[in-house]
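Written out below as structure tokens is the structure these notes cover.
The values are calculated or read from the model by the stated rules, or taken from the named source; none is laboratory data. Keep in mind that what you see is a predicted model, and the values were worked out from it rather than measured. When we count neighbours, we look across all protein chains shown, and the Cβ atoms used for this are built from the backbone with ideal geometry, even at glycine.
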Amino acid sequence: MKHTLSVLVEDQSGALSRISGLFARRGFNIESLAVGPAESEGISRLTMVVEGDDQTLQQMSKQLDKLVNILKVLNLTGLPAVERELMLLKVNAPCNQRQEILDLVQIFRAKVVDVSDKALTLEVVGDPGKLVALEKLLNPYGILEIARTGKIALERESGVNTEMLKTSSKGITLPA
């Protein structure tokens with residue numbers, strides 16, 4: 001199972017190396033990693049996606065908590081969370097197919113950020129599933145390059161689980 005961890009860490013030299021080293025020593029692959037400034041100066045938020053069972057991840061979270069410079073570790077996997085990722089995608093777009101491609105990317109609210117005679121470069125932001133769906137639909141046109149940021153996530157303060165809303169027959173599910 002894939003897990004999303006949110007880690008608050010002090011901005012200190014070597015902090016990222018210690019975190020990634022912990023996972024590497026245990027034979028874990030970090031599938032996605034995004035690091036940036038957090039809400040307080042001198043603190044960064046690290047969001048990573050790793051695969052493993054619940055028990056192993058609980059143990060890894062405890063070991064992360066013991067590392068120097070780690071302030072907080074939160075497993076967002078079972079919690080209501082807002083998840084986003086950014087993708088830049090360069091797609092082959094000859095004149096005779098360009099409008100077709102533009103119509104398609106409009107559905108995904110993607111932005112055209114560069115245009116040439118032969119290609120379009122698109123920017124799309126959304127949950128990882130949205131990005132994969134757009135990539136699959138554009139694949140037949142010829143994807144030239146892709147760059148993705150990795151997932152970032154925050155716990156939903158409202159407590160509303162949008163995954164439950166998607167599957168709810170009544171359309172609205174309130175937190176317990």
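Leu67 passes every criterion in (1) free of Cβ contacts under 8 Å to residues at least 12 places away in the same chain; (2) touching a helix residue (DSSP H, G or I) at 6+ places or on another chain (Cβ under 6 Å) apart from (1).
Being aliphatic (A, V, I, L, M) and exposed (fewer than 12 other Cβ atoms within 10 Å of the Cβ), is that true of even one residue in segment 47-59? Checked against the condition, which is being aliphatic (A, V, I, L, M) and exposed (fewer than 12 other Cβ atoms within 10 Å of the Cβ), segment 47-59 yields no hits at all.
Taking segment 118-137 as the range and being without any contact (Cβ under 8 Å) to a residue 12 or more places away in the chain and over 18 Å from Ile152 (Cβ atoms) as the test, only Lys136 passes. Filtering Lys118, Lys66, Lys62 for residues that are surrounded by fewer than 18 Cβ atoms within 10 Å (Cβ to Cβ), among the charged types (D, E, K, R) and in contact with a Pro (Cβ under 8 Å, 6 or more places away or on another chain) leaves a single hit, Lys118.
Only one of the listed residues (Gln63, Gln55, Gln97, Gln59) is out of contact with any strand residue (DSSP E or B) (no Cβ under 9 Å at 6 or more places or on another chain) and assigned by TED's automatic domain parsing to the domain that holds Leu131. That residue is Gln97. Scanning segment 123-137 for any residue that is modelled with pLDDT of 95 or more, surrounded by 16 or more Cβ atoms within 10 Å (Cβ to Cβ) and over 30 Å from Glu39 (Cα atoms) turns up at least one such residue. Residue count for segment 114-145 under the criterion of being outside any helix (DSSP H, G or I) and farther than 25 Å from Ser6 by Cα: the result is 13. A single member of Leu33, Leu22 is in contact with a Leu (Cβ under 8 Å, 6 or more places away or on another chain) and under 26 Å from Gly126 (Cα atoms), and it is Leu33.
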